[in-house]
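The values are calculated or read from the model by the stated rules, or taken from the named source; none is laboratory data. Small disclaimer: the values here were computed from a predicted structure and weren't measured. Heads up, the Cβs are rebuilt from the backbone with ideal geometry, glycines too, and the neighbour counts pull from every protein chain shown.
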Amino acid sequence: MASNWVGELIYEGKAKRVYRVNDELLIMEFKDEVTAFDGARKERAPGKGRLAAAQTVFLMRLLSKYGIRNHLVDWDGDRKILVRGLRMIPIEVIVRNYAYGSFLKRMPLVKPMTRFSKPLVEFHLKSDELHDPLITTDDIIEAGLTRQEQLNEIMGIALRINEILSNYMVSRGLTLVDFKLEFGFDKSGNLVLADEMSGDTMRILINGRHLDKELFRRGASALDVVRAYEEMNRLLGIS
Ligand code: ADP
């Protein structure tokens, strides 16, 4: 189903284009492209945009059922979603269940894929130039990005999301290694989950095999990524 939503292009990022519909709403269009290393590696990936949009829609709707407020309004059934426009907090919130990726780089004393005693929540500044550096909660407060209470709320929501997603993944035979979230504020100052939830922003394994963008970081082709996302969608029960 093609959408008849119209908007003015206001931003083009690595994975999505953002269009402004009006004061309240944005369209986010998922690109048929896969990128890694802050855009240094990039390939066309026909079909990926729809698969990632479908993952985001499915997971955000799942979270809504558990009362997690998020920006999703509608889906065109293809590569576009309609979302509430927010004042974004320029940080990436990462939740980790197993030791992987940049965690291992900064903490080589832990063996890869060690399961943590409890999920870890960490914050990175959104900056391609600086390669999204790890930042402390004090850094965030001092820079005026959020207040302490809001940061506590973000951590609580991130952990709740992890519980919901991990349980769902386990029920489907999958392992949720880690994932990234972004949050923004709506006009009333409420915290709202934003951006996307897809194989681009989560590490998901089936019997130790990646169904996410890690494949591309490790040299697989864009076609391999599209096939993995198709498999993820089948396993998650996403149409
Ligand atoms: P990047 O900027 O990292 O290359 P994308 O290609 O995913 O990322 O671009 C999407 C942009 O839209 C990101 O900057 C993200 O923070 C922003 N965004 C996501 N959801 C919303 C929202 N509800 N309101 C405003 N901006 C949003």
Being buried (at least 16 other Cβ atoms within 10 Å of the Cβ) and of a type in the set (Gly, Ala, Ser), is that true of even one residue in the stretch 127-136?
no
Suppose we filter ASN97, ASN167 for residues that are closer than 29 Å to ILE206 by Cβ, assigned to a helix (DSSP H, G or I) and away from the ligand (no atom under 16 Å from the Cβ); which single one remains?
ASN167
Out of (1) out of contact with any His (no Cβ under 6 Å at 6 or more places or on another chain); (2) under 23 Å from GLY101 (Cβ atoms), the odd one out for ALA194 is which?
(1)
Under the condition of being away from the ligand (no atom under 12 Å from the Cβ) and at positive phi, which residue from the stretch 17-53 is surrounded by the fewest Cβ atoms within 10 Å (Cβ to Cβ)?
PHE37
Tell me which residues, restricted to the stretch 137-160, are over 24 Å from LEU59 (Cα atoms) and crowded, with 16+ Cβ neighbours inside 10 Å.
THR137, ILE140, LEU145, THR146
If you scan the stretch 59-76, which residues turn out to be surrounded by 15 or more Cβ atoms within 10 Å (Cβ to Cβ) and more than 13 Å from the ligand (Cβ to nearest atom)?
LEU59, LEU62, LEU63, ILE68, TRP75, ASP76
List the pairs whose first member sits in the stretch 133-149 and is at negative phi, whose second member is surrounded by 11 or more Cβ atoms within 10 Å (Cβ to Cβ) and of a type in the set (Ser, Thr, Tyr), and whose Cβ atoms are under 7 Å apart, counting only residues at least 6 apart or on separate chains?
ILE140/THR146
Can you give me the number of residues within the stretch 215-232 that are touching a residue at least 12 places away in the same chain (Cβ under 8 Å), closer than 16 Å to GLY49 by Cα and assigned to a helix (DSSP H, G or I)?
10
Can you find even one residue in the stretch 77-94 that is more than 15 Å from the ligand (Cβ to nearest atom) and buried (at least 18 other Cβ atoms within 10 Å of the Cβ)?
no
Only one of LEU104, LEU145 that is within 26 Å of GLY39 (Cα to Cα) and either away from the ligand (no atom under 16 Å from the Cβ) or modelled with pLDDT under 95 (or both):
LEU104
Across the stretch 201-215, which residue is nearest to LEU165 (Cα to Cα) among those that are within 15 Å of the ligand (Cβ to nearest atom) and buried (at least 24 other Cβ atoms within 10 Å of the Cβ)?
MET202
Could you say whether any residue in the stretch 8-16 is among the aliphatic types (A, V, I, L, M), away from the ligand (no atom under 13 Å from the Cβ) and either exposed (fewer than 13 other Cβ atoms within 10 Å of the Cβ) or not in a loop (DSSP other than H, G, I, E, B) (or both)?
no
Identify, please: which residue in the stretch 187-200 is surrounded by 23 or more Cβ atoms within 10 Å (Cβ to Cβ), assigned to a loop (DSSP other than H, G, I, E, B) and among the small types (Gly, Ala, Ser) and is, among those, farthest from the ligand (Cβ to nearest atom)?
GLY199
